[in-house]
Amino acid sequence: MRRHAILHAAVLPLLFIVASSCLLCGAALAQQKNATFDPLKQLASEFPDSMKLKNNGRLLEFCPDNTCDGFVVAGTVSINTLKDFAYLYEFFFSDFVVLEGWRSNQEAKGAAQKVLSKAEYSNCKNTSDREAARCVLRGLSRGGTIRLIFVRYDEGARNVVRRNITEELAEKPISKNN
């Protein structure tokens, strides 16, 4: 019996260390997987060659035709945050008609939900994904850190018009897919 108690005393701490290590590894792997998640890959799979990252990651344009939604970052906004912003905007608020079918795609919806579930956006939990996205986009664009532009390529010229993100995120009729 004494030998059994000594064995327990030696094995239990080791089991605890192994179990703790497994939990930490699992959490680290989940965090790494979330950090490498690129929602724009989902959009690009449906609209190949429509996404362009320019100016050393300071400008992202989504151009399904000769017109584009553009996203310009200032300061220290990461490329991953810029991609999250662009994806949420395109999924929930862009007025490109070609996006209607894509929005009903389960993979597209899943990518939007995955972006919204990121820890850095947890203060924007809401009753609907659209409202949560509105909260995230307002927060990220506050102070001009991310700006929205409209770009049109005509006859070889690039024409840019700055758009008001507050107006773009204002209540609009919700489409049947959102």
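The values are calculated or read from the model by the stated rules, or taken from the named source; none is laboratory data. Please read all numbers here as calculations on a predicted model, not as lab measurements. We place every Cβ from the backbone using ideal geometry, glycine too, and count neighbours over all the protein chains shown.
In the stretch 130-140, is there at least one residue being under 18 Å from residue 50 (Cβ atoms) and touching a strand residue (DSSP E or B) at 6+ places or on another chain (Cβ under 6 Å)? Full working, then the answer.
Initial filter on the stretch 130-140 (under 18 Å from residue 50 (Cβ atoms)): none.
No, there is no match, as no residue in the stretch 130-140 is under 18 Å from residue 50 (Cβ atoms) and touching a strand residue (DSSP E or B) at 6+ places or on another chain (Cβ under 6 Å).
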Inset, instruction - Go through the stretch 85-131 and count every residue that is among the small types (Gly, Ala, Ser), more than 12 Å from the chain's Cα centre (by Cα) and more than 15 Å from residue 44 (Cα to Cα). - result: 4
Inset, instruction - Look at residue 32 and say whether it is outside the structural domain of residue 140 (by TED's automatic domain parsing) and either modelled with pLDDT under 95 or not hydroxyl-bearing (Ser, Thr, Tyr) (or both). - result: yes
Inset, instruction - Could you please find all residues in the stretch 34-78 being buried (at least 17 other Cβ atoms within 10 Å of the Cβ) and aliphatic (A, V, I, L, M)? - result: 40, 43, 51, 59, 60, 72, 73, 77
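Let me confirm something: among 147, 162, 142, which residue is surrounded by fewer than 19 Cβ atoms within 10 Å (Cβ to Cβ), modelled with pLDDT under 95 and not in a loop (DSSP other than H, G, I, E, B)?
Numbers: 147 fails: modelled with pLDDT under 95; 162 fails: modelled with pLDDT under 95.
Only one candidate passes the filter, namely 142.
Does the stretch 82-111 hold any residues that are touching a strand residue (DSSP E or B) at 6+ places or on another chain (Cβ under 8 Å) and in contact (Cβ under 8 Å) with a residue 40 or more places away in the chain, and which are they? Give the steps one after another, and end with the answer.
Going residue by residue through the stretch 82-111, those that are touching a strand residue (DSSP E or B) at 6+ places or on another chain (Cβ under 8 Å) are 82-83, 85-86, 89-90, 94, 96.
Within the stretch 82-111, 82, 83, 85, 86, 89, 90 meet the criteria.
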Inset, instruction - Output yes when any residue across the stretch 87-96 is exposed (fewer than 13 other Cβ atoms within 10 Å of the Cβ), of a type in the set (D, E, K, R), in contact with an Asp or Glu (Cβ under 9 Å, 6 or more places away or on another chain) and modelled with pLDDT under 95, and no when none is. - result: yes
Inset, instruction - Taking residue 106 as meeting all but one of (1) within 20 Å of residue 51 (Cβ to Cβ); (2) modelled with pLDDT of 95 or more, write down the number of the exception. - result: (1)
